[in-house]
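Nothing in this text is a laboratory measurement; each read-out follows from the coordinates by a stated rule. Remember, predicted model here, so these are calculated numbers, not experimental data. Note that we place each Cβ from the backbone using ideal geometry, even for glycine, and neighbour counts take in every protein chain shown.
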Amino acid sequence: MDKIIIQQQDFDLSTEMALVKNNHSDIGAVVSFVGFVRDLNDSSIQKMTLEHYPGMTEKALKSIVEQAKKRWSIGGTTIIHRVGDLNIHDQIVLVIASSKHRRSAFEACEFMMDYLKTQAPFWKKEHTQNKSSWVEAKSSDKSQKNRWE
């Protein structure tokens, strides 16, 4: 089973991990990635606003999962991405991949995160005490994605 959700509320890692392996006795590995809001620029970020394109974002995430399933023998997957206003240290994104063997789960999880960063229509705006500005895409994210091609 695959789960793709865009939501404002927080998520619980333990609950989501249990759901991925629920009723699947052949799963030998579950790998997860949790991304957090951070003050990367040391500019006193107070919060971050995440926006998305409803419908299109879910379609892009579904395509990413489908691509991962074509490359690796994986079972259930989960992608949960939060939108709205988030504070420093809040969870932003959860990506989970399960499989019979750890290597497939590790690689699929990393692949899905790399593609999510570059292919899914999300926009981030950082808010400091003095200004708000949109976050530009990083060339390092594109490089990470390109290694899978």
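Proximity of backbone amide H atoms, modeled 1.01 Å from N, is registered between Lys47 and His127 at under 5 Å, excluding neighbours fewer than 5 places apart on the same chain.
Among the trypsin sites (Lys or Arg not before Pro) in segment 3-64, those located in a DSSP loop and surrounded by at most 12 other Cβ atoms within 10 Å of their own Cβ are Arg38. Working from Cα pairs under 8 Å separated by at least six residues, relative contact order for segment 2-136 is 37 percent. When shorter helices are ignored and each DSSP H run of at least 4 residues is given -39500 (n - 2.57), the per-residue value for the chain at 222 nm works out to -11000 deg cm²/dmol.
Put in order of Cβ neighbour count within 10 Å, fewest first, the listed residues Asp2, Asp26 become Asp26, Asp2.
A quarter of the convex hull surface defined by the alpha-carbon atoms of segment 50-96 gives 3.8 nm² as the mean projection.
What separates the Cα centres of segment 1-34 and segment 60-104 is a distance of 9 Å. Charge dipole (Cα centre; +1 on Lys/Arg Cβ, -1 on Asp/Glu Cβ; no other charges) of segment 2-136 amounts to roughly 400 debye.
For segment 102-141, the mean projected area of the C-alpha convex hull, equal to one quarter of the hull surface, is 3.9 nm². Loop-located GluC sites (Glu not before Pro) in segment 76-147 (DSSP state other than H, G, I, E, B) with a sparse environment of at most 14 neighbouring Cβ atoms within 10 Å: Glu136.
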